[in-house]
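First up is the structure itself, then whatever we jot down about it.
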Amino acid sequence: MKSTCFPRWPLALLGFVSAQSPALLHAQSDDGEIIVEEDTDDEETASEVEANDEPSAAATEPEAEVVVEEKSEDEPKAPAAETKTEEPAPAAETKTEEPTPAAEPEDVPLSPRLAPSDEQLAAQAEQAALVDAPSKQDSLLPLKLSTSTFSRFEYREGYDDLGVSRGRFSEGDAVVFRARLGIRTNPLPIADGSDVLVQFSPQASGVWGVTGTTSEVNLGIYEGYVLFRSQRLEVELGRFKMNYGDSLIIGDLDWHQAGRAFDGLRAHYKMKRGYLDLFATQVAAGGPDAGPKLFAGDDLFWGAYLGVGEYLGKGLDLDAYFLGLSNFAQEGLVDAETGVDYSLASAHLFTAGLRAKQKMGFFDYRLEGDVQFGRTIQAPPPGFTGDHVDSVQTFAYQADVEFGFMISSTTRLGVGAVLASGDAPASDKNEGFNELYPTGHKFLGLMDVIGARTNVGSANLKVTQNLGAALKAQVDAHVFTRLEDGGLGSVAGAGLAGTEIDTQLGYALGKYANVRGLYGLFIPATGHYASDDLAHYVEVEAGVRF
């Protein structure tokens, strides 16, 4: 059955569509396919289309009829391609850009969602820009490289006679070397204003000739840590070197071919004109027989270091620090003399110190003092037969001072003194100062005859002379004394130990390379050592530091 109807519903539908969409939509039939076009005239509305003075032929000719096959509600509707029209309206008679809607199939509604909104178009454009634009990828590159590489000839004579030859400072000659390469990655962002990077410093060090010609020197890791950084805070985690002040208490021991580094955690907080460091490191680990307790046999070195000099004056270093050395109890120890098994009690030693340093015109000064208190571990006494060794109460001190004068534009004269308490043999307490982890080589004589900063007093005189833009000479003279009985190589009681004179000459090869020579002479005090013979030390070093 066929029915005839007047085709005015497409115009009503288009009016509804244009009212719902910001742009007028056109729909026309093209070989049975629905085509949607966006009107270019934003000012034309659906009401203007209906009120057009010259409507299309489909709107004015009543004889145009659409023949529709009636279908039951259960039957699917015919697709657009099967729609038949008896007299389609010619498009040429339409004076507006509105196409003839007579060919629109009744069962295909036009939805406003066919035209994307302004927000959708903007989102699509933004997404396309992200895809097309080249993105800057985070990378560990470029790397920043540094190096500390040298070889040094050393010769010692008379150390055996004085009784001071030991380990690294043994009698005879040797050539020590270091090849260290520092590698620092490009930082990677982790949050707003924060990043993370890696410092990795492989190193080979040793003594010439030890490995022969057909074996290789072992490659180790001097530093290897992760560094987290923000505007105020930096945190290092891993193995890192530490230098504080003049390295009198904590230093990286750069003179030694292997150097010194610490395993642990350090936080550095930057203030406007100062800083605060907090660190915790492990310097020794207990063995498998140390015991079941937490940290059994471990040695921890920890502390806080505060620098506030700039708050008081420009160019002033003023530091305060509090340090702890914790030796935790352990079991399973054996006395080397008696073979007795014993356990060792815990001991915690605390160090509080102050340091000041400043240059004022032709005058400069350096002051540093420390007080130690707490308890110290001790070795079993001779003939020990017990099963437990207790720690000993400790109180010790040290002071180091130097005053410098520029007597000319090329000459500096320095005078100084050192005093470090020693352990009194008759006391049941320990009064000997523990120097902790310094770069002590430069403070108590470059020959290293006198040993550690404990039970020692000294007066020193230093003269530094610039002989040119690249050539520099320095002479250091020390007079040493022992405050208590004992001391490295000593066979006498307290008193004068000897005099040391060190003469250096250094030449800079450009900005990063240098050659340096040293001759040291030690004159022992009569009767203080097993021999009164002179001791000699020579070193020649060439290296690159960058």
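What follows is calculated from the coordinates using simple rules that are stated; it is not laboratory data. The shown structure was predicted, so the numbers you read here are calculated from the model rather than taken from an experiment. Note that we place each Cβ from the backbone using ideal geometry, even for glycine, and neighbour counts take in every protein chain shown.
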Check your understanding: Which length gain, in nm to one decimal place, applies between Ala508 and Lys136 when the Cα-Cα distance is subtracted from 0.36 nm times their residue separation?
Key -> 129.7 nm
Point to revise | the stretch 477-486 - phi-based ³J(HN,Hα) in whole Hz, Karplus 6.51/-1.76/1.60, Gly and Pro as x | key: 10, 10, 10, 10, 9, 9, 7, 10, 4, x
Check your understanding: Could you give the distance between the Cα centres of the stretch 523-546 and the stretch 271-306, to the whole Å?
Key -> 35
Exercise for review: Mark the label point 7 Å from the Cα of Ser427 along Cα→Cβ and return the residues of the stretch 485-517 whose backbone N is within less than 19 Å of it.
Suggested key: 485-488, 493-495
Review point. Going by how many other beta carbons lie within 10 Å of each one, how would you line up His388, His441, His478, fewest first?
Key: His388, His441, His478
**Study point:** Neighbour net charge for Phe153 - beta-carbon separation under 12 angstrom, K R +1, D E -1
**Key:** -1
Practice item. Based on other C-beta atoms within 10 Å, arrange Leu325, Leu521 from fewest to most. Key: Leu521, Leu325
Practice item. Evaluate the stretch 150-261: find the radius of gyration of its Cα atoms, find its Kirkwood radius, and give the ratio Rg to Rh. Key: 1.12
Check your understanding: So what J values fall out for the stretch 329-335 if you push phi through Karplus, 6.51 cos²θ - 1.76 cosθ + 1.60 with θ = phi - 60°, rounded to Hz, Gly and Pro as x?
Key -> 4, 8, 10, x, 8, 10, 6
Revision key, fill the gap. Between Asp173 and Leu534, the two model label points (7 Å from Cα along the beta-carbon direction) sit apart by a distance in nm of 1.9
Check your understanding: Once label points are set 7 Å from the Cα along Cα→Cβ at both Val207 and Lys270, what is their separation, rounded to one decimal in nm?
Key -> 4.4
Revision key, fill the gap. Here the FRET efficiency for Phe363 versus Ile183, based on Cβ atoms and R0 = 51 Å and rounded to 0.05, is 0.75
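Divide, for the stretch 451-505, the radius of gyration over alpha carbons by 2.2 N^0.38 Å, where N is the residue count.
Normalised Cα radius of gyration, the stretch 451-505: 1.48.
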Check your understanding: Each label point is 7 Å from the Cα along the Cα-to-Cβ direction; what then is the distance between the points at Phe384 and Ala336, in nm?
Key -> 1.2
Check your understanding: Local charge sum around Val196 (other residues, Cβ-Cβ under 14 Å, Lys/Arg +1, Asp/Glu -1)?
Key -> -3
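Please give me the summed charge of the neighbours of Ala285: other residues whose Cβ is under 13 Å from its Cβ, Lys and Arg +1, Asp and Glu -1.
-4
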Study note, to complete from the structure: Pairs over 31 Å Cα to Cα, from Lys270/Lys357; Lys272/Lys462; Lys144/Lys462; Lys270/Lys462; Lys272/Lys293; Lys136/Lys272, come to Lys272/Lys462; Lys144/Lys462; Lys270/Lys462; Lys272/Lys293; Lys136/Lys272
